[in-house]
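Take a look at the structure below.
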Amino acid sequence: MKENLLGSTLSRLEEVAADAGLPEYAGRQLADWIYRKGVTRFDEMSNLPLTARGLLSERYSVELSPPVKVTESADGTKKYLFTAGRGGFVEAAWIPEEHRGTLCLSVQVGCKMGCLFCMTGKQGFQAHLSTGEILNQYLSLPERGSVTNIVYMGMGEPLDNLTNVLASLEILCSDYGFGLSPTRITVSTIGLVPAMRTFLDSTRCHLAVSLHTPFEEERRRLMPIENVHPLAEVLAELRARMVRGQRRVSFEYIVFDGLNDTPRHARELARVLDGIRCRVNLIPFHTIPGTPLAPSPREKIEHFQELLRDRGILTTIRQSRGQDIEAACGLLSTRELVRVRDDADR
């Protein structure tokens with residue numbers, strides 16, 4: 001099979017150029033054709049010698065995979081279904097707003113982390129997405145020209161697929177790639193500390209950490225990762241890294257009725273975050289099957305926000321988008337995979 005060059009970093013494209021008998025700078029020319037100009041046929045890369053174009057065509061390809069299905073919400077949010085891996089599917093969400101357009105990317109087919117509140121985790125883990133499969137969600141988006149922000153908050157744990165996520169960020173932000181500002185890109189994690197350390201040292205993109213409760217035992221019930229990387233370890237790492245780089249981190253806090261929405265939680269949250277330059281995003285919970293968790297009423301979320309603000313913490317409430325098409329936070333899950341398997345069994 002031919003190697004698909006979509007998702008290749010500049011260093012890899014320079015190797016490809018050398019294998020085709022071209023000078024090193026031809027790697028940057030390849031990157032320009034693939035990422036800047038969107039050309040997928042080597043015979044159209046007119047500043048490369050004809051013989052090299054023929055050789056590249058024999059060995060390599062540049063292939064995009066358009067979405068196989070689109071579902072649109074009443075609020076304008078769209079959910080795009082892409083094929084990935086061997087018989088797998090992933091979903092990306094497009095969230096248009098008046099002055100911005102946000103693309104929510106997936107990085108894995110399923111997820112290993114098993115968080116109690118997440119639909120993606122319910123389907124287990126099937127595969128990591130390649131760098132090309134991650135970028136394909138951006139390149140194949142019909143609204144690509146309107147994208148102002150990208151969040152790695154779709155299916156999967158981004159820092160569990162660190163190598164491919166970092167390569168995709170390099171291509172998105174570099175001058176040889178798409179030249180996007182790293183301040184317009186946010187990567188989410190549940191707190192894989194060694195990978196988080198590498199991420200903070202390797203990129204200027206923003207980090208969002210899933211927190212959800214400041215109390216260890218509660219967090220362990222919600223998120224098994226607490227057994228491996230406790231919240232105290234995550235916060236200590238952030239204190240060490242963020243002070244050096246003067247970066248702000250976001251903390252994602254899904255609000256559950258009667259579980260983590262009390263004044264006691266607000267006080268403890270303010271205490272454990274003291275000294276970290278941060279923003280807390282309060283996220284309404286969207287009910288999923290097979291979990292005892294319930295959404296906190298809006299008035300309790302707003303009161304929780306006030307309690308945190310009174311303690312000097314920048315706090316916002318995330319607007320729920322795409323809930324009617326299961327594109328909201330925690331709802332992405334490839335039901336299509338289940339449907340295809342059911343059809344195959346018939």
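The values are calculated or read from the model by the stated rules, or taken from the named source; none is laboratory data. This is a predicted model, so every value here is computed, not measured. Neighbour counts are summed over all protein chains in view; Cβ atoms, including those assigned to glycine, are modelled from backbone coordinates with ideal geometry.
Per-structure values
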| item | result |
| --- | --- |
| Residue 42, sole failed condition from (1) surrounded by 13 or more Cβ atoms within 10 Å (Cβ to Cβ); (2) on the phi > 0 side of the Ramachandran plot; (3) not assigned by TED's automatic domain parsing to the domain that holds residue 133 | (2) |
| Tabulated pairs, segment 15-36, first surrounded by fewer than 16 Cβ atoms within 10 Å (Cβ to Cβ), second modelled with pLDDT of 95 or more, C-beta under 6 angstrom, 6+ apart or interchain | 24/14; 28/176 |
| Every pair of residues 6+ apart whose Cβ atoms lie under 6 Å, when the first sits in segment 88-107 and is acidic (Asp, Glu) while the second is part of a loop (DSSP other than H, G, I, E, B) | 91/332 |
| Lone unmet requirement of (1) hydroxyl-bearing (Ser, Thr, Tyr); (2) crowded, with 18+ Cβ neighbours inside 10 Å; (3) in contact with a Lys or Arg (Cβ under 8 Å, 6 or more places away or on another chain) for residue 296 | (3) |
| Residue 165 being within 12 Å of the chain's Cα centre (by Cα), crowded, with 24+ Cβ neighbours inside 10 Å and assigned by TED's automatic domain parsing to the domain that holds residue 295 | yes |
| Scope segment 238-295; condition small (Gly, Ala, Ser) and touching an Asp or Glu at 6+ places or on another chain (Cβ under 7 Å); matching residues | 294 |
| Scope segment 20-38; condition closer than 14 Å to residue 178 by Cα and either of a type in the set (A, V, I, L, M) or part of a loop (DSSP other than H, G, I, E, B) (or both); matching residues | 30, 31, 34, 37, 38 |
| Residue count, segment 192-218 (criterion: more than 19 Å from residue 160 (Cα to Cα), touching a Pro at 6+ places or on another chain (Cβ under 8 Å) and either of a type outside the set (Asp, Glu) or at pLDDT below 95 (or both)) | 0 |
| Only one of 58, 44 that is within 20 Å of residue 140 (Cβ to Cβ) and of a type in the set (Asp, Glu) | 44 |
| Residue satisfying all of: in segment 135-153; of a type outside the set (S, T, N, Q) and closer than 18 Å to residue 65 by Cα; surrounded by the fewest Cβ atoms within 10 Å (Cβ to Cβ) among these | 145 |
| Some residue of segment 64-78 being more than 30 Å from residue 321 (Cα to Cα) and touching a strand residue (DSSP E or B) at 6+ places or on another chain (Cβ under 6 Å) | no |
| Matching strands (runs of 3 or more DSSP E) fully within segment 238-346 where at least 2 residues are at pLDDT 95 or above and over 24 Å from the mean Cα position of the chain (by Cα) | none |
| Boolean, residue 176 is closer than 23 Å to residue 26 by Cα, modelled with pLDDT of 95 or more and touching a Lys or Arg at 6+ places or on another chain (Cβ under 8 Å) | yes |
| Subset of segment 272-307 [closer than 17 Å to residue 248 by Cα and in contact (Cβ under 8 Å) with a residue 12 or more places away in the chain] | 272, 273, 275, 276, 277, 278, 279, 280, 281, 282 |
